[in-house]
Amino acid sequence: MKTYLQPEFAVLRDDYRCIRCGVCVGQCSYETHYYDEEEDVVRSREENCVGCQRCAVFCPTRALTIRTNPYEPRPNSNWRREHLSDLTRQAESGGMILTGMGNDKPFRIYWDHLLLNASQVTNPSIDPLREPMELRTYLGRKPDRVEVQGRSVRPVGSPLVTVEAPVLFSAMSYGAISFNVAQALMMAASDFGTLCNTGEGGWPKSLRKYRDNVIVQVASGRFGVDADYLNEARIIEIKIGQGAKPGIGGHLPGEKVVPLVAETRMIPVGTDALSPAPQHDIYSIEDLAMLIYALKEATNYEKPVGVKIAAVHNAAAIASGIARAGADIIVLDGLRGGTGAAPKVIRDNVGIPIELALAQVDERLRREGIRQQVSVLVAGGFRQSSDVIKAIALGADAVYIGTAAFVSIGCTLCQKCYTGKCPWGITTNQPHLVKRVNPEIAAERLSNLLHAWSHEIKEMLGGMGINSIESLRGNRPHLRGVGLENWELEVLGVKGAGI
């Protein structure tokens, strides 16, 4: 069938600069470029280009420019180019349209409409370069009491886990990401003093030396879950849902299930790894409580247990139930959360922004007097340190980052993660592509990102006259809204600027 689709990107080559070296041919995993021996020229199949920019970055003479195809259909406010392209693609394939990464629609990003207060005269600012600033964060249920014996102080109750800053690496499973990237994330978490989540894909045994900095997931597919998997982790997280695809399960295509992925997930090589939408042993809060305490029993009550849900309109009520079921941590994932593969229609139309869900969950738990029983982690599109500090002021204990971590490694958000051909070596298991990520270099870049954000958070805290991140948690008077409707300010629980 002849395609009616126009290429999404235009490949512009400066023939004067091009030296026919073939670097672009070797770097493109989508076979966009090829060498024409007869004409002694490098040509491009624009219909294959995904706009990853790798060829342009590695071209030694800067001969390549990748741009969005300037083709535009007849202007129509209802039938935009995206709609026409999706309809044509479905007419030619007969299948659902898949996509990677998070929601890219122009929904309001509330972090950009929230401003922080600054100290002036009566409440002086603090110089973070000369005065101690505390970013250390404790995850888990706060102790009911402490016992003092001499100079030692021991909290009594559920165990707490310490991270050096309120930023963690989000759940990204081995198989969806390459082994080298999984290793880099764990190396960076260990180096900096934070945590990395394995996702639902199991945990390769060769990476268990980073056990002090790893969160493991128990998802509906139970991939890789056994007693050792649970006991070697620092925290256990039950995955109910995720922001990019609330209410549906996970899917790792069979072509990504190479031997080590199969061994890690305990499934046959080359078979699709399918996670059901529900966990079939959880249909009520009582069922969830049974699983939480089964996991605590299996780990001798030495590990905090968290529960991850997608940000939906009744997230506050669900979070209340999770806290009462005995969870130590609640994880909320908003609609801008990333993924390796999701139906585009789900990613773009299901769920709510993390800012609104977080505000309501924190408010509900405080109103019911159980906020101290759980930590609240949030995920879904955190782009910069100011997003993090605003989330903490809105009620979070810490945040997960995924896409930001990938970008620090080299990702350019081409949204083709599900193809398994990631040209940057991040979301692929093809050996020649996996090698494009050096774990040591990637870990250094990830650590640099966390150090940079930590310095910026300290600067912002200092400007607010606060010397401890704990003092900011849920302190909404430090926030003011700009350009928001009254109902939005009410849901967020903040005042408008100037009030």
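The values are calculated or read from the model by the stated rules, or taken from the named source; none is laboratory data. Note that this is a predicted model, so its numbers are computed, not measured. Cβ coordinates were reconstructed from backbone atoms using ideal geometry, including for glycine residues, and neighbour counts include every protein chain displayed.
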For the stretch 471-484, enumerate the residues that are closer than 26 Å to Ser170 by Cβ and surrounded by fewer than 17 Cβ atoms within 10 Å (Cβ to Cβ).
Ser471, Asn475
Residue hits (the stretch 228-256; within 24 Å of the chain's Cα centre (by Cα), surrounded by fewer than 23 Cβ atoms within 10 Å (Cβ to Cβ) and either farther than 29 Å from Val376 by Cβ or of a type in the set (S, T, N, Q) (or both)) are Pro253, Gly254, Glu255
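Restricted to the stretch 118-156, and to residues that are farther than 22 Å from Glu456 by Cβ and in contact (Cβ under 8 Å) with a residue 60 or more places away in the chain, which residue is surrounded by the fewest Cβ atoms within 10 Å (Cβ to Cβ)?
Of the stretch 118-156, the ones farther than 22 Å from Glu456 by Cβ are 121-122, 140-156.
Imposing the further condition that a residue be in contact (Cβ under 8 Å) with a residue 60 or more places away in the chain reduces the set to 140-142.
Values: Gly140: 24, Arg141: 23, Lys142: 15.
Among residues in the stretch 118-156 that are farther than 22 Å from Glu456 by Cβ and in contact (Cβ under 8 Å) with a residue 60 or more places away in the chain, the one surrounded by the fewest Cβ atoms within 10 Å (Cβ to Cβ) is Lys142.
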Kindly indicate whether any position in the stretch 273-283 is in the same structural domain as Ile248 (by TED's automatic domain parsing), free of Cβ contacts under 8 Å to residues at least 24 places away in the same chain and farther than 19 Å from Leu356 by Cα.
yes
With the requirement that a residue be surrounded by 16 or more Cβ atoms within 10 Å (Cβ to Cβ) and at pLDDT 95 or above, what does the stretch 99-117 give you?
Tyr110, Trp111, His113, Leu114, Leu116
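Residue under question is Thr3, and the condition is that it be under 14 Å from Lys421 (Cβ atoms), of a type in the set (Ser, Thr, Tyr) and within 35 Å of the chain's Cα centre (by Cα); does it hold? Give the derivation first.
On the way: under 14 Å from Lys421 (Cβ atoms): no; of a type in the set (Ser, Thr, Tyr): yes; within 35 Å of the chain's Cα centre (by Cα): yes.
It is false that Thr3 is under 14 Å from Lys421 (Cβ atoms), of a type in the set (Ser, Thr, Tyr) and within 35 Å of the chain's Cα centre (by Cα).
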Residues of the stretch 165-195 satisfying the condition of being in contact (Cβ under 8 Å) with a residue 40 or more places away in the chain, surrounded by fewer than 24 Cβ atoms within 10 Å (Cβ to Cβ) and either in a helix (DSSP H, G or I) or not assigned by TED's automatic domain parsing to the domain that holds Val376 (or both)
Phe179, Asn180, Gln183, Met187, Asp191, Phe192
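Give the residue that is farthest from Ile235 (Cα to Cα), with candidates limited to residues of the stretch 137-151 that are outside any strand (DSSP E or B) and at pLDDT 85 or above.
Keep residues of the stretch 137-151 that are outside any strand (DSSP E or B), which gives 140-144, 150-151.
Imposing the further condition that a residue be at pLDDT 85 or above reduces the set to 140-142.
Values: Gly140: 9, Arg141: 12, Lys142: 15 Å.
Ranking the candidates gives Lys142 first.
Within the stretch 220-227, does at least one residue satisfy the condition of being of a type in the set (A, V, I, L, M, F, W, C), in the same structural domain as Lys416 (by TED's automatic domain parsing) and either part of a strand (DSSP E or B) or more than 27 Å from Thr403 (Cα to Cα) (or both)? Outline the logic, then answer.
Taking the stretch 220-227 as the starting set, the residues that turn out to be of a type in the set (A, V, I, L, M, F, W, C) are 223, 225, 227.
Pick out the ones that are also in the same structural domain as Lys416 (by TED's automatic domain parsing) and you get 223, 225, 227.
If we keep only those that are either part of a strand (DSSP E or B) or more than 27 Å from Thr403 (Cα to Cα) (or both) as well, we get 227.
Yes: the stretch 220-227 contains one or more residues that are of a type in the set (A, V, I, L, M, F, W, C), in the same structural domain as Lys416 (by TED's automatic domain parsing) and either part of a strand (DSSP E or B) or more than 27 Å from Thr403 (Cα to Cα) (or both).
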Go over the candidates Thr198, Thr162 one by one and state the one that is polar (S, T, N, Q), crowded, with 23+ Cβ neighbours inside 10 Å and either in the same structural domain as Lys256 (by TED's automatic domain parsing) or within 19 Å of Ile236 (Cα to Cα) (or both).
Thr198
Can you tell me which of (1) small (Gly, Ala, Ser); (2) in contact (Cβ under 8 Å) with a residue 40 or more places away in the chain; (3) not in a loop (DSSP other than H, G, I, E, B) is the one Ala262 doesn't meet?
(2)
Just to be sure I understand, how many residues within the stretch 94-120 are acidic (Asp, Glu) and touching a Cys at 6+ places or on another chain (Cβ under 7 Å)?
0
When you scan the stretch 290-304, do you find a residue that is in contact with a Leu (Cβ under 7 Å, 6 or more places away or on another chain), of a type in the set (A, V, I, L, M, F, W, C) and modelled with pLDDT of 95 or more, even just one?
yes
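Filtering the stretch 287-317 down to residues that are crowded, with 17+ Cβ neighbours inside 10 Å and in a loop (DSSP other than H, G, I, E, B), which residue is nearest to the chain's Cα centre (by Cα)? First the steps, then the outcome.
Step one: filter the stretch 287-317 for residues crowded, with 17+ Cβ neighbours inside 10 Å, giving 288-289, 291-292, 295-296, 299, 303-312, 315-316.
So of that shortlist, the ones also in a loop (DSSP other than H, G, I, E, B) come out as 299, 303-304, 311-312.
Values: Thr299: 27, Lys303: 23, Pro304: 21, Ala311: 14, Val312: 17 Å.
Ranking the candidates gives Ala311 first.
For the stretch 152-163, does any single residue satisfy the condition of being in a helix (DSSP H, G or I) and over 23 Å from Ala219 (Cβ atoms)? Working first, answer last.
Looking only at the stretch 152-163, we keep the residues that are in a helix (DSSP H, G or I), and these are none.
No, the stretch 152-163 contains no residue that is in a helix (DSSP H, G or I) and over 23 Å from Ala219 (Cβ atoms).
Between Arg151, Arg136, which is under 27 Å from the mean Cα position of the chain (by Cα) and of a type in the set (D, E, K, R)? I'd like the intermediate steps shown before the answer.
Working: Arg151 fails: under 27 Å from the mean Cα position of the chain (by Cα).
That would be Arg136, the only listed residue that is under 27 Å from the mean Cα position of the chain (by Cα) and of a type in the set (D, E, K, R).
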Determine which single condition Glu237 fails, assuming it passes every other condition in (1) touching a helix residue (DSSP H, G or I) at 6+ places or on another chain (Cβ under 9 Å); (2) outside any loop (DSSP other than H, G, I, E, B); (3) not β-branched (Val, Ile, Thr).
(1)
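Please determine whether any residue of the stretch 340-351 is without any contact (Cβ under 8 Å) to a residue 24 or more places away in the chain and either farther than 27 Å from Thr198 by Cβ or assigned to a strand (DSSP E or B) (or both). I'd like the intermediate steps shown before the answer.
Taking the stretch 340-351 and keeping what is without any contact (Cβ under 8 Å) to a residue 24 or more places away in the chain, we get 349.
Add one more test, that the residue is either farther than 27 Å from Thr198 by Cβ or assigned to a strand (DSSP E or B) (or both), and what stays is 349.
Scanning the stretch 340-351 turns up at least one residue that is without any contact (Cβ under 8 Å) to a residue 24 or more places away in the chain and either farther than 27 Å from Thr198 by Cβ or assigned to a strand (DSSP E or B) (or both).
State which residue is farthest from the chain's Cα centre (by Cα) when the search covers only the stretch 210-227 and only residues that are farther than 21 Å from Val167 by Cα and either at pLDDT 95 or above or hydrophobic (A, V, I, L, M, F, W, C) (or both). Explain how you work it out, then say what you get.
Looking only at the stretch 210-227, we keep the residues that are farther than 21 Å from Val167 by Cα, and these are 218-227.
Checking which are either at pLDDT 95 or above or hydrophobic (A, V, I, L, M, F, W, C) (or both) leaves us with 218-219, 223, 225, 227.
Values: Val218: 17, Ala219: 16, Phe223: 20, Val225: 22, Ala227: 26 Å.
Per the criteria, the residue is Ala227.
Among the helices (runs of 4 or more DSSP H) contained in the stretch 374-463, which hold 1 or more residues that are of a type outside the set (Asp, Glu) and surrounded by 24 or more Cβ atoms within 10 Å (Cβ to Cβ)?
On the way: elements: 385-394, 403-409, 431-434.
Answer list for the stretch 374-463: 385-394, 403-409.
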